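These notes are about the structure you will find just below.
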Amino acid sequence: MSDHYDVIIIGGGPGGYPAAIRAAQLGLRVACIESRKRLGGTCLNIGCIPSKALLESSERFIAARTEFAEHGVEFEGLRLNLPQLMAHKDNVVSGLGNGIDFLMRKHKIMRLVGTGSVTAPGQVTVLDEAGQQRTLTASSIVIATGSDSAILPDVPIDETRIVSSTGALALPEVPKHLVVIGAGYVGLELGSVWRRLGANVTVIEYLDRITSGMDTELSQALHKVLEEQGFVFRLSQKVTAARSVDDEVVLTVEPAQGGPSEEIRADYVLVSIGRRPYTEGLGLDAIGVTRDRKGYIQVDEHWRTNVDGIYAIGDVIGGPMLAHKATEEGVALAEQLAGLPGHVNYDAIPAVVYTAPEVASVGQTEDGLKAIGMSYKVGRFPFSANSRARAKAQTDGFVKVLADATTDRVLGVHIIGPEAGSLIHEAVVAMEFRGSAEDIARSCHAHPTLPEALKEAAMAVDNWALHS
């Protein structure tokens, strides 16, 4: 019985390890299998955390170059210490990884390093790096293996000159010219890092706009501000080939719908065209777990697959590929396995782009509301009229609140501006409790603060904003 568990979780990322901790808190015997020696998955090791460390550092560097003087701070001799910047990133990652290890020990979770495959319902085989196998059994098996970078067949990633997001986190030098293929969140964030540090950045996007899926008004505002920062966008274009010539990459580019091609040269190329579910080696086909045509594991509203006792959460089941979405699913599933009513409200999952200014959204977009024919009201408020934003000299952007035209219930909130990623959470809480725009508008906000911009946008839904 020593190798029998209540729950076995395959994957120790932001879905898997919180699920393990919550299940253990609720008294279940838990094992967690992860191929990396450090837990935290893509998010901690090669995703959210290292990229945000680089964004934070690069934002301070560019602020010193371009913003400090406005505040009366003048100096000479500013220089970039790229090795130290990278060391800070690595220290952040290792420190947080050590923290997760402590939590696993604290909650007495069996931690296994290796790859797990489901060899039968209720049975998992673990293969460690030494080639040793171990078979475990469990009442419930949770697949939380996440996702991997999507690839372009004609643009081979070598992680040297042509890199995925992983390679872009550890370039040995500041590129002279970085080409980013894909104008999604990740590409724009990593492009921002290297643009701030001195690279010329060209973004090639197949669609006719950046950040598809984002509220169109926000997308257009972000496009404009990034162009002002020096980004060059090539929209409605596709890369059809790539070859290395000495220390350069030569890309062949043509219109998305076909037409004459041209060549673009860069010393580094980042391929950032999305992510794909990671299910390799899990043995899903052998036991009959259903996946869709894109490879995502199919689950019901309780994250159950079609095979009894096997569940899946996070990126591997599709939906927004966000670490916090996976965490919410992992916690809710753990509670359900312990007999509690775990639940995730997918209408209140925020999304953030950590550019400068940041962009954050939750709920419906205007495009989405128009598509379903829902009647709504809009309130907007610019950061240029917010006293704290003026004091910070960060006035780009605005807040937009969408509310039901009849009930005033908040349907969506969209922010581009300083600290948008933090400001959005007031809207998340309001939406979680089915709050109205008036609820936000009549809640007292400290002055002078950035959240007052959200309050004024909520007031503007009924045309009584005080400062615009």
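The values are calculated or read from the model by the stated rules, or taken from the named source; none is laboratory data. None of the values given here were measured: they were computed from a predicted structure. Positions of Cβ are generated from backbone atoms using ideal geometry, with glycine treated the same way; all protein chains shown enter the neighbour counts. Quick note on the areas: whole protein, heavy atoms, side chains included, nothing else; ligands and nucleic acids left out. Shrake-Rupley method; radii C 1.70, N 1.55, O 1.52, S 1.80 Å.
Some points to look at:
- Summary: within the chain, the longest segment free of chymotrypsin sites (Phe, Trp or Tyr not before Pro) located in DSSP loops with at most 13 other C-beta atoms within 10 Å is 76-432.
- Convex hull of Cα atoms in the chain, direction-averaged projection (nm²): 25.2
- Euclidean distance between Cα centres, the stretch 177-210 to the stretch 323-348, Å: 34
- Relative contact order for the chain, counting Cα pairs under 8 Å that sit 6 or more residues apart, in percent: 14
- Dividing the C-alpha radius of gyration of the stretch 312-409 by 2.2 N^0.38 Å, with N its residue count, gives 1.40.
- Coarse-grained scattering of the stretch 178-297 at q = 0.12, 0.21 Å⁻¹, given as base-10 log I(q)/I(0) from a Debye sum over alpha-carbon atoms: -0.55, -1.13
- Farthest positive-ward along the chain dipole, Cα basis, beta-carbon charges - from LEU337, LEU402, TRP194: LEU337
- Signed unit charges on C-beta, dipole axis of the chain, positive-most listed residue LEU152, THR355, THR119: THR119
- Once exposed loop GluC sites (Glu not before Pro) are cut out (DSSP; at most 16 other Cβ, 10 Å), longest piece of the chain: 302-468
- Kyte-Doolittle mean at least -0.5, axial Cα span of 27 Å or more - DSSP H helices of the chain: 82-106
- Rounded FRET efficiency, nearest 0.05, which uses the C-beta distance separating GLU67 from GLN123 and R0 of 51 Å: 0.30
- For the chain, calculated [θ]222 nm from helices alone, where every DSSP H run of n ≥ 4 adds -39500 (n - 2.57): -9500 deg cm²/dmol
- Kirkwood-based shape ratio for the stretch 76-189, expressed as Rg/Rh from alpha carbons: 1.08
- Longest site-free stretch - the chain; sites: trypsin sites (Lys or Arg not before Pro), DSSP loop, at most 14 other Cβ within 10 Å: 295-433
- The magnitude of the dipole of the stretch 75-172, with charges of +1 and -1 set on the Cβ of Lys/Arg and Asp/Glu and taken from the Cα centre, is near 520 debye.
- Taking all Cα pairs closer than 8 Å and separated by 6 or more residues, the relative contact order of the stretch 159-237 comes to 29 percent.
- Net +/- balance of residues flanking VAL174 in space, Cβ distance below 13 Å, scoring K and R +1, D and E -1: +2
- Across the chain: Cys residues that no other cysteine approaches within a C-beta distance under 4.7 Å: CYS32, CYS444
- Listed residue pairs exceeding 26 Å between alpha carbons, taken from LYS37/LYS89; LYS238/LYS377; LYS325/LYS400: LYS238/LYS377
- Around the Cα centre of the chain, unit charges on the Cβ atoms of Lys, Arg, Asp and Glu (plus for the first two, minus for the last two) sum to a dipole of about 740 debye.
- Rounded FRET efficiency, nearest 0.05, which uses the C-beta distance separating ARG36 from SER244 and R0 of 35 Å: 0.75
- Sequence-distant contacts, meaning Cα pairs under 8 Å at least 6 residues apart, place the relative contact order of the stretch 324-449 at 24 percent.
- Alpha-carbon Debye profile of the stretch 1-129, log10 I(q)/I(0) at 0.10, 0.13 Å⁻¹: -0.46, -0.64
- Per residue solvent-accessible surface (Å²) - the chain, probe of 1.4 Å: 46
- For the stretch 333-468, the Cβ-based charge dipole about the Cα centre amounts to some 300 debye (Lys, Arg positive; Asp, Glu negative; other atoms uncharged).
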